Each structure stands twice: as structure tokens, then as C-alpha cells.
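Trainee: Please see the structure below; I have some questions.
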Amino acid sequence: MTTKPMKFTGLLFLLTFTGLVAGTSTAFSENLSALLTGEMQNFAPYDAPRPFKDFTFLNAEGEEERVSDYRGKVILVNFWATWCAPCRKEMPSLDRLQEALGGDEFVVLAIGQDLQGMEKVTTFFEKLNIKNLAPLNDKTVKSGRSAGVFGLPASILLNAKGEEVGRLVGPAEWDAPEAKALINHVIRGS
């Protein structure tokens, strides 16, 4: 007879704990949800920030970098390719976003997924007059797979702890007021 109350007590504790955690998570998600208008209406926030698997990519000098090298900043990780028409359209807005908000608290990491390598990326940047983004590429495309990206463009927003806040699959005007408001919200909350 004593086992039934113990099971009930354990279940009650579990439900209470889950409710407390869910309540905290929901508040995080609800705060972001109010910002998901206009260009950010397709941004999919999580109920609570999630761990993000670190990966490597190459910079223009051919040196290996990691996403974790930028920890301490809010990061917009964008996966794109020169052959992707929506990516080509989106890239100038990412460049303007980096110009407007990039610095000690925020950075855009636009990581090319071009199998032909860095030369293709740098030529593309020159043609589109991209001046504020660092040319980055992963011709192995392991970075995109590691991040769970299966379509381009895809953008993942990380808080300053390196946790994933949410993602947007497809193009967006990242320098639009609603995009800046979302990013500034994450900067203030990090």
C-alpha cells in the first residue's frame, strides 16, 4: 500500500518540475514570438536555447576556424552557396546587417557550402560588392550537415553562450527592422 502514494508523489513531483521548466521555457519562446513579424515571420524559435554542435570551416587565408572561436558574441550562422539563387538575393542584406550590428556583441558568419572552394566565394563577394562579411567556406559541407541544415539558405541564431535560439530556413532581408529587433533582443538577453 505504501508504494502507491510514493508513485503518486514521484509523479506529482515530475509534473510540477516539468511545469516549472516548461513555464520558464515558454516565457523565453513567447518573448521571441512577439518579434516574429515581417521578414522574421518564418524564424522558428525554440522554447529554450539548445546546445549547438561546434564545427570547422575555412577563412580566406585557408585557416581553420570554429564557431566556438566567436563565443561571447551573438552569432548569426548563415549557410549559403554561390549557385543558390535565394542565397545570392539574401547576401547583400547579411552584409548590411554585419555593417550595422557587427562588433563586440554580434557577428554574421556566412559560411559558403561551395564544393569549388574559397576562390568561388571571394569572386562572388567581389561581384556583389560584399565588404563587411568575412569570406568563409566549407567545401566538405560537413558544417551544414553537422548543424542539421538540409536546404539553402539557412540561418541559425546563437546566443553569446553558443546555444541555438532558433533558425530560419529560406531567404530573408536580414537588415530589416524586425530582424535587427530580434537580434538585439537576443544580444540584451545573453
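Each value in this text was obtained by applying a stated rule to the coordinates, not by laboratory testing. Fair warning: this is a prediction, and the values are worked out from it, not measured in the lab. Cβ sites come from the backbone with ideal geometry, for glycine too, and all protein chains shown count toward neighbours.
Trainee: List the residues whose amide H sits under 5 Å from the amide H of GLU105, counting only those 5 or more places along or on another chain, with H placed 1.01 Å from N in the peptide plane.
Mentor: Residues meeting the amide H criterion: none.
Trainee: Which order do peptides 140-150, 169-179, 54-64 fall in by mean Cβ count within 10 Å, highest first?
Mentor: Result, highest mean Cβ count within 10 Å first: 169-179, 140-150, 54-64.
Trainee: Also: Quick one: what Rg and Dmax do you get for segment 35-189 from the alpha carbons, in Å?
Mentor: Rg and Dmax of segment 35-189, Cα atoms, are 14.0, 40 Å.
Trainee: While we're here: Among ASP69, ASP114, which comes first, then next, by fewest other beta-carbon atoms within 10 Å?
Mentor: By the 10 Å Cβ count, ascending, the order reads ASP69, ASP114.
Trainee: Let me ask something additional. So how do 97-110, 39-52 stack up, highest first, on mean other-Cβ count within 10 Å?
Mentor: Numbers: 97-110: 18.4, 39-52: 16.4.
Taking the mean over residues of other Cβ atoms within 10 Å, the ranking is 97-110, 39-52.
Trainee: Spin-label point model (7 Å from Cα, Cβ direction): what's the ALA134 to ASP69 distance in nm?
Mentor: Spacing of the two 7 Å Cα→Cβ label points: 0.5 nm.
Trainee: Still on this structure: If you stretched the chain out fully between ASN42 and ARG188, how much longer would it get, using 0.36 nm times the residue separation minus the C-alpha to C-alpha distance?
Mentor: 50.4 nm
Trainee: Moving to a separate point now. Using the structure shown, list the pairs from LYS89/LYS180; LYS53/LYS180; LYS73/LYS180; LYS53/LYS142; LYS139/LYS180 with a Cα-Cα distance above 20 Å, or answer none.
Mentor: Beyond 20 Å between Cα atoms: LYS53/LYS180; LYS139/LYS180.
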